[in-house]
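Structure first, then comments.
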Amino acid sequence: MHVHDHAVHGALLDWLPLTLIVLFTITYLGAAYNQRHNALGWSAWRSIFFTLGSLLLAIAVAPPLMAWAHHDLLGHMALHLLIGMLAPLAWVLAAPITLLLRTLPQAGGRRVAALLRSRFVRFVSHPVSALVLNIGGMYVLYLTPLYSASLHNQALHYWIHMHFLVAGYLFCWAILAEPDVSPHRLSLRFRLGVLLASIATHSLLGKLMYGYGWPRGTGHSVEEVQAAAQLMYYGGDLAEVLLAVVLLTLWLRKPVERREGMLHGDATA
């Protein structure tokens, strides 16, 4: 009976991430629908982006794929690209913070606004801090015994994926600085510089994994580690180039008189 209860508990935990994604998506779409009577309205594209991000996450956290990724480093890397890079970009473009502020009562909106102005949020949402959390977290995961430990600890396994999602979201938001307004007023050049640093450090990690066989002590073959490193190298470049394309597209859509100020803005704010 104890073994059966443990199996049931484990199965319920496996489906929890997917359930939460569905609930978040329904909540977002419901709030977006309620904005139809608002004078400002709500862009259908934002709802599409949120749904796309949720779909990518749902695919990544589906129990069969999670089980595959738990035992296959190539699968793990594929899920990392979905959870930590592509899905966060789609969610950032959906402007969930703006929708939350419009939906909450005035008192709740003030509390959220105060949180966004807090030192903690300003720190983690700065492009350099977000870069360290995002790419630095990958170095810690793959160049230390942490990844090997996650193979034997389900809670750690889920925590790592949550870190990927949050760090990826913060990085995309820090680089784009919109459509949710960023706490920082940083120039386009500065943000592009941080993005280029991300591409370089991401590529270096892929090369280190390929050349030196990290992560070690996992039981994965050299061929499997190298295939995962190649996916990180090329897939990561593709995702970050996509982020750069989105950044430049948003900048080009601005009025000409605003572009110059954004290009040469204060990079120390």
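The values are calculated or read from the model by the stated rules, or taken from the named source; none is laboratory data. Source: prediction; values computed, not measured. Here Cβ is always computed from backbone atoms with ideal geometry, including for glycine, and neighbour counts include all displayed protein chains. We work out accessible area using only protein heavy atoms, side chains counted, and drop any ligands, DNA or RNA first. Shrake-Rupley method; radii C 1.70, N 1.55, O 1.52, S 1.80 Å.
Roughly what would the spin-label model give for residue 178 and residue 129, points 7 Å off Cα along C-beta, in nm?
Placing both labels 7 Å beyond Cα along the Cβ direction yields 2.3 nm.
Checking a compactness column here: for region 2-264, what do you get for Rg(Cα) / (2.2 N^0.38 Å), N being the number of residues?
1.07
Which residues does the label zone of residue 29 cover in region 76-97, counting backbone N under 16 Å from a point 7 Å along Cα→Cβ?
91, 94
For a protection proxy built on the mean count of beta-carbon atoms within 10 angstrom, sort 234-241, 150-157 highest first, please.
Packing proxy ranking, top to bottom: 234-241, 150-157.
Kindly sort 180, 72 by accessible area of their heavy atoms, largest first, with the probe set to 1.4 Å.
72, 180
Return the FRET efficiency for the residue pair residue 203, residue 250: r is the Cβ-Cβ distance, R0 is 35 Å, and the value is rounded to the nearest 0.05.
So, using R0 = 35 Å, E works out to roughly 0.90.
Note down the nm distance, to one decimal, between modelled labels 7 Å out along Cα→Cβ at residue 212 and at residue 143.
0.6
Return the carbon/sulfur percentage of the accessible area of region 2-264, one whole number, probe 1.4 Å, all protein chains in place.
After summing per-atom areas, the C and S share lands at 70 percent.
Give the calculated FRET efficiency between residue 156 and residue 37 to the nearest 0.05, with a Förster radius of 35 Å applied to their Cβ-Cβ distance.
Efficiency at R0 = 35 Å is approximately 0.15.
Below 15 angstrom from the Cβ of residue 112, what's the summed charge of the other residues (Lys, Arg +1; Asp, Glu -1)?
Neighbour charge sum, excluding residue 112 itself: +4.
So which trypsin sites (Lys or Arg not before Pro) in region 23-124 are both in a DSSP loop and have at most 13 other Cβ atoms within 10 Å of their Cβ?
Here the trypsin sites (Lys or Arg not before Pro) that fit, given the DSSP loop and packing criteria, are 117.
With every protein chain kept in the model, how would you rank 132, 246, 166, 181 by accessible area, 1.4 Å probe, largest at the top?
181, 132, 166, 246
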